[in-house]
Structures are given as structure tokens and as C-alpha cells.
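Asks: Let me begin by handing over the structure; questions about it come next.
The values are calculated or read from the model by the stated rules, or taken from the named source; none is laboratory data. Given the structure is predicted, the values throughout are model-derived calculations rather than measurements. We place every Cβ from the backbone using ideal geometry, glycine too, and count neighbours over all the protein chains shown. Keep in mind that these areas ignore ligands, DNA and RNA; they rest on the heavy atoms of the full protein, side chains included. Shrake-Rupley method; radii C 1.70, N 1.55, O 1.52, S 1.80 Å.
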Amino acid sequence: MKEREVFLDKLRVAATCAVVLLHTVSGVADTTDMSLYPEERKVFWAMLDLVSWCVPVFLMISGYLFLNPGRQIGIGSMVTKYCRRIVLALFLFGMPYGCLELTAVEGRFCPGMLWETFLGLLCGKTWAHMWYLYLILLLYLLTPFLRRALGAVPRWAVYGVLAVLFAGCSVLPCLYMLSGKKGFALPGDGIYFFYYICGYLFAVEKREGIKKAVRRGIIPGLALLLAGGMAFSRLWGGLVPRMAYNYPFTVLLALLLFVWAAGAGHCVRPFWTRAGALCFAVYLVHPVFLNLAYKYFELTPLAVSDPLSVLYPLAEGIPIPAAVAVSVAIFFGGTAVLSVLAAWILYRIRPLRRYVL
């Protein structure tokens, strides 16, 4: 097994865990009036900042694999193999999800919901987490053309495009938001192309300098310092802007984490290969358990004023940030365990494993 594959599997596993934690937290905000929980909201926003690197890392992994000039990938294989996988995942998992959502809203199930859900999938209306499948499907379709474009221009031009995307899609919108002013900026969604092309650069550039920086603790130190600063700004700094994946500090944190993983030493362990193989299935199924808890049973980490009092009556009076962190950790851990078990069962189904997962 190549070292490249080992560190990518580790990144997949870490990013999948971060996705589950992200939806554990964001799901509460979607189903709760957070204005009633001002202190808890600060903790939630800090958590979201610290895990929003997951989607950027997934995109960089895809760019690393599919834009790599060392791999021969044409438009035929992209459509018949990789795009087919995404389309099948959308319909096989999106249809049941959509019907469950409509049943919850209507209070009953009727056959017409199947047609309504089908139309919703075609129009991009599915459960929130599945928006990523539409994004990656678009990037897959554009991959053959991006490969040609990247191979035809000098490397400095690629860096120039990335600089323009970072400034226009991330830095300027953030500055406008902080200042309350308006001005020219590129569409925020352009940041997804930034991440995808960054994956290409990680694949083609030499990593000797990165490995030295990682061994000396420079990259890990910068990543931890940045993460600490992001958390401090939410908890005590009064930072207000919410930008998700195009937030400049999220961009920098995602890049540092990818560099850290790419430059670290790796031992070949079958565990990471098996765990990495389950990641896509975990991504597809984990919202089922969160939605059941949050929307159907109305049980969230903020179900009571003290998030822990319902679970640990003796824990009253502990600081709110600690209470929220432990409560979210319990929901995250339960969701992760159930999702891995469900993913393992699905992965045992040969047609799903071969064509979807």
C-alpha cells in the first residue's frame, strides 16, 4: 500500500468524524431557538468553527486523487463509474430520506410522496447533508476539463487562480461582513473549486519541505494555535460572522490539517483501509439517527436548561461550556457508533458495496 493512500484514509476517517460532530451541533441549531441559549450558542458556534474543515478536506482528497496527472481518468470513467456512484447514492438514500421528512410534516404517508420526493431529488431538494453529493457530482463532471486546463497552464498561473479565489470568495466577503459594508466579491461557492484545485497541488508538488515542517512541529503548532484562536474568538472575543466553508480561518485550518497529515509519517495498518471504506456509508446514514432524535423524539443536547441534568442529576452547577461539550459528546458518540454499525451492515450487501458505497 502506498503512503499516499494511508494518509488519505486517515484524513477520510477524521473528516467523517468531524462531519458527524458538525451535524450533531448544527442539527440542534436547526431545531431550537438558539436565542434562548446565548451562552450555549457561543459554544456551538465555536464547535462548528473547529469542525468545518471536514468538507474542505474531503474536496482536497478528491482533487488529490482525480486531478493527479499520474492517474489516467477520462470522461467515460468519470461518468460511468464515479458519477454513477453518486447518482445511485442520491436516489437510493435520498428517496427514503425525503419520504420520511414528508411523513413527519404531513403526519402520514401517501404514495404521492414518492413522486414528490423524486422531483425534489432532481431539483436538488434533499436532506441538508446530501447537498455535498450534488457538489461532488458537478466537480466529477468537470474533472476531465479541469485536468486538461491544469496541465496546459504553468504552475504559477494555478497559484494565481487560487489566490484570486481565496481573496474573492473568502477574504473580501469576511471583511465586508465585519465592516458592515458592501463591495465586489466572487460568489462564495467558488471556494469549493479552490479546495479541489488545492488537492491537485498537493498531488504534484514535492513534500520534503512539508515533512520537515511537520517533524519540527511548525505545522502542528500553527494548526493548534489557529484552532485555539478561533475558539477563543467565539467564546470570549464576541466574534459574530458565520461563513462556514469560505470563512478565511476555516480555509487556513483545512490547509494546515491536510499538510500535517501529508507530511507526517504513516505506518501501513489494515484498520485505516477498512475504516476508510466505511466513511461514505457513515456519511449517508448518520443523519437518520440525528433526525430521529431531534425531530421525532425532540431530544437534543439542549432539551433541558442544564444539558446534563436529565442524564446526570448530580452534575448541576458545572460551567455551561463544559456541560454543553459533554452533552454534545454523548450525542455525537451515540450517533457515531450507530452509524458505523449501520454502515458495516450496508457494506456487507454486495451490490451496494460494488456500485454505491
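Asks: If you go through the range 83-93, how many residues are surrounded by 20 or more Cβ atoms within 10 Å (Cβ to Cβ) and among the aromatic types (Phe, Trp, Tyr)?
Replies: 1
Asks: Against the definition (open to solvent by 30 Å² or more (accessible area, probe 1.4 Å) and either more than 29 Å from GLU40 (Cβ to Cβ) or more than 21 Å from the chain's Cα centre (by Cα) (or both)), how does ILE218 come out, yes or no?
Replies: yes
Asks: Still on this structure: Counting only residues that are farther than 30 Å from THR250 by Cα and basic (Lys, Arg), which one in the range 58-95 is modelled with the lowest pLDDT?
Replies: LYS81
Asks: May I pose another question? Got at least one residue in the range 317-329 being open to solvent by 70 Å² or more (accessible area, probe 1.4 Å), part of a helix (DSSP H, G or I) and either modelled with pLDDT of 70 or more or of a type in the set (Gly, Ala, Ser) (or both)?
Replies: Within the range 317-329, none of the residues are open to solvent by 70 Å² or more (accessible area, probe 1.4 Å), part of a helix (DSSP H, G or I) and either modelled with pLDDT of 70 or more or of a type in the set (Gly, Ala, Ser) (or both).
Asks: Scan the range 13-49 for residues that are open to solvent by 60 Å² or more (accessible area, probe 1.4 Å) and within 14 Å of the chain's Cα centre (by Cα) and jot them down.
Replies: Selection gives CYS17 alone.
Asks: Return the residue satisfying two criteria in turn: it lies in the range 151-161 and is closer than 25 Å to LEU137 by Cα and surrounded by fewer than 17 Cβ atoms within 10 Å (Cβ to Cβ), and of such residues it is modelled with the lowest pLDDT.
Replies: Among them, the one singled out is GLY151.
Asks: Sticking with this structure for a sec: Among the helices (runs of 4 or more DSSP H) confined wholly to the range 171-215, which include 1 or more residues that are open to solvent by 60 Å² or more (accessible area, probe 1.4 Å) and farther than 30 Å from LEU137 by Cβ?
Replies: 172-179, 208-215
Asks: Within the range 57-82, restricting attention to residues that are open to solvent by 20 Å² or more (accessible area, probe 1.4 Å), of a type outside the set (Ser, Thr, Tyr) and in a helix (DSSP H, G or I), which residue is nearest to TYR347 (Cα to Cα)?
Replies: Per the criteria, the residue is LYS81.
Asks: Restricting the search to the range 221-246, which residues are open to solvent by less than 30 Å² (accessible area, probe 1.4 Å), of a type outside the set (A, V, I, L, M), under 21 Å from the mean Cα position of the chain (by Cα) and at pLDDT below 90?
Replies: ARG234, PRO241
Asks: Among (1) surrounded by 12 or more Cβ atoms within 10 Å (Cβ to Cβ); (2) free of Cβ contacts under 8 Å to residues at least 24 places away in the same chain; (3) in a helix (DSSP H, G or I), which single condition is ARG148 missing?
Replies: (1)
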